[in-house]
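The values are calculated or read from the model by the stated rules, or taken from the named source; none is laboratory data. The shown structure was predicted, so the numbers you read here are calculated from the model rather than taken from an experiment. Glycine also receives a Cβ, built like all others from the backbone with ideal geometry; neighbour counts cover every protein chain displayed. Side chains included, ligands, DNA and RNA excluded: accessible areas come from the protein's heavy atoms. Shrake-Rupley method; radii C 1.70, N 1.55, O 1.52, S 1.80 Å.
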Amino acid sequence: MAAIVLLILALGGFIALAMMRAPLWRWAAAVGLLTLLATMGSSSVWAWIAWLPFIALALLSIPSIRRSLIIAPVFGQIRKMLPKVSETEAQALEAGTVGFDAELFSGTPDWEKLKSIPPIELSADEQAFLDGPTEQLCRMISDWQVRHALREIPDEIWDFVKAHGFLGMLISKEHGGLGFSAQAQSLILGKIASRSPDVVTIVMVPNSLGPGELIEKYGTDEQKHYYLPRLAKGEEVPCFSLTGPTSGSDAATMRDIGYVTRGTHKGQDTLGIRLSWEKRYITLGPKATLVGLAFRLFDKDNLLGKGEDVGITLALIPANHPGVNIGRRHLPSGAAFPNGPNWGSEVFIPIDWVIGGQAMAGNGWRMLMECLSAGRAISLPSSATAGAKTMLRVTSAYARIRKQFGLPVSRMEGIEEPLVRIIETAYVNEAARAMTAAMVSRGEKPSVISALMKYQTTEKMRRAVNDAMDIHGGRGICDGPSNYLQSAYQMVPIGITVEGANILTRTLITFAQGALRSHPYLYKEVQAAQNPDRERGLDAFENAFNNHIAFSLSNATGGFVHNLTGGAFVSTPDGALRMSHWYRQLGRACRSFAFIADLTVALLGGRLKIKQKITGRMADALSELYMLAATLKRYDDDGRPAGDKHIVELAAQNALYRFQEAIGGVVDNFPVRWARPFMRLVVFPLGRRWKPASDALAHDVAKHALQPGDVRDRLTRNIFVSKDVNDPTGILEVTLEKVIAAEPIEKKLEKAIRDGVVRRYHGIDWFAEAEAKGVLTAAEAEQLREIERLVARVIAVDHFDPAELKPNYATLGHNARGAEKLAAE
């Protein structure tokens, strides 16, 4: 009995030491005490052998011995094995900032840091702009005219966005811009996106990765004073040229080249660059007056004093500069926003046209990565979130109005299932969008978070758009002026592809770079191992390595304990009574993630780059943790409305289930087979316990969220909502209200039809018959007659004279030049 008690005490003590990351001397003391108690009164050989662990730990507690026996040999091996981090990789890793993602990688998130992220906050000017010019712009837009009739953004739209400063939202007021926060930009872009994906693109690009942001942050004073006011007023339309035929996702391999030389500019001998480049997929390119260009710069005569290979450099070139060729337009997914190639050969530009001047030559990749960290967190997440909310707004209305088999299709379980998926997407995407925008607004540049936000929000939007199309059926696939789904359906692949294709972002960036960037010790160890000064490197490595060992042991032990106890001992934030269970489950999942992430990096090392199925699943797991944290925070920020509680619970259950499946996929397929049982023991000691949300919970969510009211309005907040019956979406809103108001009257009529009292066939005025037979009053009959007319418009689809359709296709075929013809030229 005494032995059992001693064993339990020992196990509890060791778990406590591991979870508290105790130093080695405390482990030695604990082992010594346990050995003393276990061998007391015994003088056998085994009793003496039992002291060996204590002796080993005691010796290793002495820093000099530990350094010579363990730290130095490990350091030497890592220096030999570790692949050299390239300059572009190092710049990508060092770009941006680390925020709440570090808390997730730590395994023990600090909930106070989550609570400290501000809720949605707009200044009076920002709110007025959202309610005023942005609303006005949305009312001006005819989506059908933009994407079909003109296949171009109309001049009046361009004039309006220029006149009201839409193109200069991120430019400071000092330089003539609006100086809006990232949160305001995100909401403004989202509202426009809910009306037209094409129009939002012309506003998004100048306010994302492009000349405006690059000049604001890195430009010379002369560049700022000249260009920023012109960009803010729309006197210059910018584009940024990064992607080329051979350098898409792998932009660092670009073949676009510049040589430092002297040449003639405006009649004077000038130090400059002779450029040759070929770019494509450049948004706003065909309309641009100012071309931002990325290229690799060489200086064989070392005129700049930076060596021969200066590195990737960014420059500003007027589109009308001699030698600059602005190509014709690409047609990405049939979209109307301007996008096309540009190129030049042996084009001379003065060195002053480098963004930031001569001093910033060779710093282009770092500049791009830092701007991308912030821009990617705002632009596409805002439009993808607005897209999901719009899909919910229109589809919930249509599904309630549209009837089949005598009842609204929204009440059919088969329709309810995709509707609930859209509800979850709208809530979660908005939660993550708001939290991420708040981080950027307070100065953060969250590189890892921006990557997962880009691929997660656009993937979730793709599913929401597909669900909306499925629910609308033939109404969704027949294009025309009354179709409000087609523009989103066309644009989805573009959002998936641009600013880092989702496949790349998921498998190579989010976790593979995130593990180095957000892990508390890993990148410090890599930097130390690559330090050319071996002694300084060893000193830095020793500190990081000691902490890393304690960190790993803590997460392994903590993960096992929390998964064994269902997260019962995980801390929760103050005041989170309603959601304390989900905070505990999130904390429990974070422990599991940190443990698996640590082991994955340690055992795979440089092979992470090629084990992309593993890194993709780890990216999915990390994303679920971040999105769930944002979801719980949104519930608190919104004041914990009772109507949203079940939505949050559904989202939490589904997020944890998806996390479990992603981590389970890593464990089941882990390349180092002997590690799999250890991983399963820690992460799944009782099996895979999380389940997706039940059908009953989903039904409850649908019941509350699909009715007009506060819940539906919160789910679709900050998008454009029309109440104009002549607008394709406005008629949905008007009809929905009238249909719900008339539901009691309609039930009387339906009963009479089922009983055979009233006949409902073409050629019969069944409303008049119902009135004549006393089923309805005259006012009720007229009320239902009006609804019948509105419903007929809601479910109607457009049709065309074939002659109306032929000119567009004939013109397109006549004017387009195929890839083969271009190659021949």
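What does the net charge come to around ARG66 if you take all other residues with beta carbon closer than 14 Å to its beta carbon, with K and R at +1 and D and E at -1? Every neighbour counted, the sum reads -1.
Name the helices (complete DSSP H segments) of the chain with a Cα length along the long axis of 30 Å or more and a Kyte-Doolittle mean of at least 0.0, or state none. Helices passing the filter in the chain: 364-401, 413-441, 580-604, 645-668.
Listed by chain and number, the lysines placed with their C-alpha closer than 17 angstrom to that of LYS287 are LYS162, LYS233, LYS279; residues fewer than eight positions away on the same chain are left out. In a fully extended conformation the segment linking ALA568 and ASN726 would gain 51.3 nm over its present Cα-Cα distance, using 0.36 nm per residue.
Per-residue Karplus couplings for segment 758-771, computed as 6.51 cos²θ - 1.76 cosθ + 1.60 with θ equal to phi - 60°, are listed in order as 10, 9, 10, 9, 4, x, 10, 8, 5, 5, 5, 5, 5, 5 Hz, Gly and Pro entered as x.
For the chain, the Cα-based Rg and Dmax, in that order, read 31.1, 109 Å.
At 1.4 Å probe radius, can you tell me the per residue accessible area of the chain in Å²?
Counting only protein heavy atoms, the per-residue value for the chain is 43 Å².
The order of THR716, THR270 by accessible area, most exposed first and with a 1.4 Å probe, is THR270, THR716. Extending 7 Å from the Cα toward the beta-carbon at both ALA602 and LEU33 defines two label points whose distance is 2.6 nm. Entry note, the chain: the mean residue ellipticity at 222 nm calculated from DSSP H runs of n ≥ 4, each adding -39500 (n - 2.57), is -18500 deg cm²/dmol after division by the residues and rounding to the nearest 500. Dimensions of segment 271-387 based on its C-alpha atoms, expressed as ranges along the principal axes with the largest first, amount to 52, 31, 18 Å. With 30 Å as the limit on Cα-Cα distance, the pairs of LYS113/LYS524; LYS460/LYS613; LYS633/LYS747 that go past it are LYS633/LYS747.
What number comes out for the charge environment of GLN127, summing +1 per Lys or Arg and -1 per Asp or Glu over other residues with Cβ under 15 Å away?
Around GLN127, the charge tally is -3.
In this calculation the C-beta distance from SER42 to ARG578 is compared with R0 = 51 Å, giving a FRET efficiency of 0.35.
Taken over segment 589-668, the ratio of Cα radius of gyration to 2.2 N^0.38 Å equals 1.30.
Using a simple charge model, +1 on the beta-carbon of Lys and Arg, -1 on the beta-carbon of Asp and Glu, nothing else, what dipole does segment 531-655 show about its Cα centre, in debye to the nearest 20?
440 debye
Note that segment 271-282 has calculated 3J(HN,Hα) couplings of 6, x, 9, 9, 10, 9, 8, 8, 10, 8, 6, 8 Hz, one per residue in order, obtained from phi through the Karplus relation 6.51 cos²θ - 1.76 cosθ + 1.60 (θ = phi - 60°); glycine and proline are x.
Projecting the Cα atoms of ALA315, PHE551, ALA437 onto the dipole axis of the chain, where Lys and Arg carry +1 and Asp and Glu carry -1 at the beta carbon, places PHE551 farthest toward the positive end. With both labels modelled 7 Å from their Cα along Cα-to-Cβ, the MET412 to GLU782 distance reads 3.5 nm. Taken along its principal axes, the alpha carbon cloud of segment 588-733 reaches lengths of 64, 32, 26 Å, longest axis first. Close amide-amide hydrogen proximity is noted between THR97 and LYS445, SER447, each under 5 Å apart and 5 or more residues distant or on a separate chain (H modeled in the peptide plane; Pro and chain starts excluded). The length gained on full extension between PHE678 and ASN302, counted as 0.36 nm times the residue separation minus their Cα-Cα distance, comes to 129.8 nm. Here the accessible area is traced with a 1.4 Å probe on the protein chains. For segment 31-78, carbon and sulfur cover 80 percent of it. Hey, if you drop one equal point scatterer on each alpha-carbon of segment 718-815 and run the Debye formula without solvent, what base-10 log of I(q)/I(0) do you get at q = 0.17 Å⁻¹? Evaluating at q = 0.17 Å⁻¹ gives log10 I(q)/I(0) of -0.83.
Based on the Stokes-Einstein relation at 4 °C and a viscosity of 1.567 mPa s, and on the Kirkwood radius from alpha carbon pairs, segment 481-624 is assigned a translational diffusion coefficient of 72 µm²/s.
Rounded to the nearest 20, the size of the Cβ-charge dipole of the chain about its Cα centre is 2320 debye, with Lys and Arg at +1 and Asp and Glu at -1. Entry note, the chain: relative contact order of 14 percent, from Cα contacts under 8 Å with a spacing of 6+ residues.
Of the solvent-accessible surface of segment 277-372, computed with a 1.4 Å probe over protein heavy atoms with every protein chain present, carbon and sulfur atoms account for 48 percent. For segment 124-221, the fraction of 1.4 Å probe accessible surface lying on carbon and sulfur atoms is 48 percent.
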